[in-house]
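Working notes, structure below.
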DNA sequence: CAAATATTCAACTTTATGGTTGATTAATTA
DNA sequence: TAATTAATCAACCATAAAGTTGAATATTTG
């Protein structure tokens with residue numbers, strides 16, 4: 001009964017932002033706007049290839065999009081997909097809080113009898 | 001200038017919810033309240049040990065807490081730490097949206113000159 | 001056209017992750 | 001007290017993840 005597709009989408013999305021470098025890349029892109037791969041890479045203490053891979057991971061999670069002009073690839077943040085994750089968190093918290101409130105009512109003693 | 005401690009806390013938290021089984025465990029705990037390890041494990045198609053490990057991961061991310069009575073360990077969801085993740089998402093989205101709005105103003109043509 | 005540049009692809013290494021089984025520890029119950 | 005039960009620990013395995021280097025592929029520029 002659990003939506004496997006949503007579940008795996010959620011896993012991919014969450015994993016993609018679980019890495020510090022990728023979170024930094026996203027921050028950088030949100031703050032400074034679209035940038036080329038080499039530009040992005042210059043900020044990190046790792047090979048261009050490593051950064052290129054991180055970008056591909058963000059891309060396949062649909063958190064960035066790529067536009068290619070000749071040999072230059074422009075990478076741009078696209079946080080629409082954040083909604084999926086945020087919904088999950090919101091939903092979890094509401095279930096959790098509901099139980100706590102119900103428990104609280106029980107402990108305080110139901111007034112209705 | 002980046003807070004390394006916060007960063008690694010965030011990574012640990014996000015990683016801990018990036019796994020489907022752990023998300024399911026959390027859901028189960030939020031919906032049904034505290035449960036023992038064996039009870040929890042009975043719902044999954046994997047060994048008790050595997051589930052026990054998942055619980056430990058959630059525990060060290062401080063998303064569940066454990067209370068021991070004799071040989072029974074009661075596990076309870078505790079989503080207070082969600083705030084950290086939610087703050088990050090909120091902050092990212094606001095940076096992203098700010099840039100988009102600024103860009104939009106630019107394209108529409110600044111009225112101020 | 002040759003050299004330089006931007007990027008990815010491929011192969012490899014190391015370490016982390018998610019799972020297993022078998023043994024151990026501690027608490028309960030018959 | 002012996003057997004059962006709840007849970008972890010330890011060692012292991014397979015796969016995934018994060019990084020490296022070197023080569024390949026386009027595109028641009030001198």
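In the stretch B:63-81, what residues are touching a residue at least 24 places away in the same chain (Cβ under 8 Å) and touching a helix residue (DSSP H, G or I) at 6+ places or on another chain (Cβ under 8 Å)? Lay out the reasoning, then the answer.
Just the residues of the stretch B:63-81 that are touching a residue at least 24 places away in the same chain (Cβ under 8 Å), to begin with: B:63-64, B:67, B:72-77, B:79, B:81.
Once the filter is applied, which keeps residues that are touching a residue at least 24 places away in the same chain (Cβ under 8 Å) and touching a helix residue (DSSP H, G or I) at 6+ places or on another chain (Cβ under 8 Å), the stretch B:63-81 yields B:63, B:64, B:73, B:75, B:76, B:77, B:79, B:81.
Among A:56, A:65, A:111, which is at pLDDT below 95, surrounded by fewer than 16 Cβ atoms within 10 Å (Cβ to Cβ) and at negative phi? Steps first, answer last, please.
Working: A:56 fails: at pLDDT below 95; A:65 fails: at pLDDT below 95.
Result: A:111 is the single residue among A:56, A:65, A:111 that is at pLDDT below 95, surrounded by fewer than 16 Cβ atoms within 10 Å (Cβ to Cβ) and at negative phi.
With facing chain B (nearest Cβ under 8 Å) and within 27 Å of residue B:22 (Cβ to Cβ) as the only criterion, which of A:93, A:56 stands out? I'd like the intermediate steps shown before the answer.
Numbers: A:56 fails: facing chain B (nearest Cβ under 8 Å).
On inspection, the qualifying residue turns out to be A:93.
Assuming residue A:1 fulfils every condition listed in (1) in a loop (DSSP other than H, G, I, E, B); (2) modelled with pLDDT of 95 or more apart from one, which condition is it?
Every condition holds for residue A:1 apart from (2).
Report, by residue number, each residue of the stretch B:1-10 that is at the interface with chain A (Cβ under 8 Å from one of its Cβ atoms) and surrounded by fewer than 17 Cβ atoms within 10 Å (Cβ to Cβ). Let's see the steps before the verdict.
Initial filter on the stretch B:1-10 (at the interface with chain A (Cβ under 8 Å from one of its Cβ atoms)): B:2, B:7-8, B:10.
Of everything in the stretch B:1-10, those that are at the interface with chain A (Cβ under 8 Å from one of its Cβ atoms) and surrounded by fewer than 17 Cβ atoms within 10 Å (Cβ to Cβ) turn out to be B:2, B:7, B:8.
Being within 16 Å of DNA strand D (Cβ to nearest atom) and surrounded by 14 or more Cβ atoms within 10 Å (Cβ to Cβ) is true for just one of A:14, A:85, A:95. Which residue is that? Reasoning before the result, please.
Values: A:85 fails: within 16 Å of DNA strand D (Cβ to nearest atom); A:95 fails: within 16 Å of DNA strand D (Cβ to nearest atom).
Going through A:14, A:85, A:95 in turn, the sole match is A:14.
This table checks each residue for (1) out of contact with any strand residue (DSSP E or B) (no Cβ under 7 Å at 6 or more places or on another chain); (2) near DNA strand C (Cβ under 9 Å from one of its atoms); (3) more than 10 Å from chain B (Cβ to nearest Cβ).
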| site | (1), (2), (3) |
| --- | --- |
| A:23 | yes, no, no |
| A:33 | yes, no, no |
| A:38 | yes, yes, yes |
| A:67 | no, no, yes |
| A:71 | yes, yes, yes |
| A:79 | yes, no, no |
| A:85 | yes, no, no |
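Only one of (1) more than 9 Å from every other protein chain (Cβ to nearest Cβ); (2) more than 12 Å from DNA strand D (Cβ to nearest atom); (3) under 13 Å from the mean Cα position of the chain (by Cα) is not met by residue A:61, so which one is it?
(2)
The values are calculated or read from the model by the stated rules, or taken from the named source; none is laboratory data. Note that the structure is predicted; figures quoted are calculated from it, not measured. As a convention, Cβ positions derive from the backbone with ideal geometry for all residues, glycine included, and neighbour counts pool all protein chains shown.
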